[in-house]
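Working notes, beginning with the structure itself.
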Amino acid sequence: MMQGATGARRCGGVSGRVPDVWPPRIIRVPGNTKVTIDNGHHSPEGPASPADRAGIVRRVALCCVLLAAAISLGVAISAWSLREHILSALVAVLAVMVGLLLLRHRLTEQRLAAERRHLAIAVNNIPQGLVLYDASARIIICNQPYIEMFGLSPDVVKPGCTMQRLIAHRQETGSFDGDVDAFCNAIIHKVALGKATRQLTEAPGGRAIEIINRPLKAGGWVATIEDITERTRADEKIAHLAHYDALTDLPNRVLFRERLEQALKTVRPGEQLAVLYIDIDEFKSVNDALGHPVGDELLMGVADRLRGCLNASDVAARLGGDEFAVIQTAIKSQSEATELVDKIHSAIRQPFECAGNLITTDASIGIALAAGDGLDLDQLLRNADLALYGAKGDGRRTYRFFETGMDARAKARRSLELELRQAISDGSLEAWYQPVVNLEDNKVSSCEALLRWRHPERGMISPAEFIPIAEETGLINQLGHWVLNTACAEAANWPDEVRVAVNVSPVQFRSQTLALNVAAALAASGLAAGRLELEITEAVLIRDDEAALEVLHQLRKLGVRIALDDFGTGYSSLSYLLRFPFDKIKIDRSFIRDLAGAGASSSIVQAVVNIAAASDMTTTAEGVETEQQRNLLHILGCTEMQGFLFSPAIPAAEIRRLLLSPRGKAVSAGHSVFERSGNRFA
């Protein structure tokens, strides 16, 4: 606010004033000068009081006039004081804002430092190695696992280090042996194109390392480095298990087919290829009797011996269970396949030592030849399987080459198996009985129960046809159980002095429940234990003497009698007579057939009779068909006879009538109690 103004000439005269103040006083000052006017007096220096005036004098251009303006000093000071307060407030606000910004910056730095520490901890504690490169292929981040994985120096491998220097350092430490520049340039080129790369390398110690480079959108790339040694080993193990048998380490069925497919493609003109299917005879009996660990040892032993029989180009495989297969390559004739079969049989027939058990086994082998039996893989395998089926059907322990008619026979055999299952279900099986006569008093001392199958279309089917099928399929357990119960129930109706004999298959004998089944059959029928006679063959014993002896003692505690059937056809018959508590020995019909000849049959029979007598065992001659055979056996001291000379096997109703009739109680020498029929199923 203007307090007053005065105009003056250069000479000092007043040209005008506002407001009108008298007497006017003009102060001569040069230029622009700030003056203090107090009732006409100026005071350019010194403190101003509230009544003071502040003014300014300025010469007006082009005129010899000075213009002086004045304002109350109090008013001027009050204006500056307000501005000072405003400026002070602004400064304070700015100071607070700067302080807050500095605090925020410090907190941000601390947070970023903490995050960097956390990131470093996380990166250094992941199991994989990690390297982050920028667009110029320099390291941004490299974690500790990577450095340790390759045994590198952290003084070299650090942020700012180029990829070339890193790989060169790996070359220096022995973890890289390639061309450094070529390796680096290839990766840089691919990631620049946005393509990921993967390399497998080997670290010190033989460890397998996988390196994957993944490009980043913002440029550069991240490399992850993983030790995949264990994973590789696991993958290799899985792949091995997928193609090799876990027990024997032989190729399995999958790899066998692959190898056979390859071999078929390489068969040259004039050469042949043989496929052998091998089945271990009665392996299931060993497994059931001695347990799976012993069975596994036997399979491993068979596998080792198979390997020893083959040439370097041949292939042995385990198809499953007790089934093996062999590919014999580059053979000129069928005789070479026969030579290999003989070698395999010779190896397998040697006893195996399995968990302290001496086990003797054998094998059935089927053979198909390419290109003679075709070059189609599946057809060749089918032909080998049919040939194996034929070997089993011919009594096992042998081999057969594929023949055209085998397919029809296999189908017939399969049909017979289905019909046998139906017969068991329908109850169309029958138990027949063949008398056994005492040579001293010519009385029937016992009867052997024999299974018969009356087929609705084919009539009576020989046991020689269906018993092997029953043994192969496991149906023999059902059949044996049924015959045991039926025979005991039938014998309970016979005279007390007549026993019943029941055959026990090796499969039944190795069952853990045989003694319980026998006890149950005796209890259900009411038959005295001493009237039941169980017949076993030497095949029961050759697998494991100790286990067989234990079962025999269990049966002996029940009070039943035990007979050794088909004596003389096994491997070490005489040793069994000394080791097992038999009540009877049944001399095989093969010795009786030649009894009157010039061979050694009579001497063998005499020796067996003497051994049996010394051990208080009875002897029964099987297959007696002539009066001459009967007389010779009587002279040699044989106890009993069984055969068509006296009677074939007959139905239960007829044997009951025979035993209860006066004629059956005393059989006249030289006369059959029944007319001899053509039904020789004994």
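Worth a mention:
- With one equal scatterer per alpha carbon and no solvent term, the Debye-computed log10 I(q)/I(0) for the range 116-243 at 0.10, 0.14 1/Å reads -0.33, -0.63.
- For the pair HIS634 and ALA355, the difference between a 0.36 nm per residue extended length and the Cα-Cα distance amounts to 95.8 nm.
- Annotation: extensible slack from ILE86 through LYS237 equals 45.9 nm (criterion: 0.36 nm per residue apart, minus Cα-Cα distance).
- Each residue of the range 265-282 is assigned a 3J(HN,Hα), and the resulting list reads 6, 9, 5, 8, x, x, 10, 10, 10, 10, 10, 10, 9, 10, 10, 6, 5, 6 Hz, derived from the Karplus form 6.51 cos²θ - 1.76 cosθ + 1.60 (θ = phi - 60°), x at Gly and Pro.
- Low-density loop cleavage sites - GluC sites (Glu not before Pro) in the range 362-456, where at most 12 other Cβ are within 10 Å (DSSP): GLU440
- Loop-located GluC sites (Glu not before Pro) across the range 186-274 with a Cβ neighbour count of 14 or fewer within 10 Å are GLU271, with loop assigned by DSSP.
- Cα point-scatterer Debye curve for the range 96-166, base-10 log of I(q)/I(0) at q = 0.14 Å⁻¹: -0.56
- The amide H of GLY220, built 1.01 Å from its N in the peptide plane, has ALA135 as neighbours under 5 Å, considering only residues 5 or more places off or on other chains.
- Distant-in-sequence amide H partners of MET460 (H built 1.01 Å from N, under 5 Å): HIS455
- Here's how it looks for THR537: its modeled amide H is under 5 Å from those of ASP565, which are all 5 or more places away or on a different chain.
- For the range 275-388, dividing the convex hull volume of the Cα atoms by the residue count gives 91 Å³ per residue.
- For the pair ALA95 and HIS292 in one chain, pulling the backbone fully straight at 0.36 nm per residue adds 61.9 nm over the alpha carbon distance.
Read-outs: derived from the displayed coordinates by stated rules, not from any lab. All figures in this text were calculated on a predicted structure; none of them were measured in a lab. Note that each Cβ is placed from the backbone with ideal geometry, even for glycine, and that neighbours are counted across all protein chains shown.
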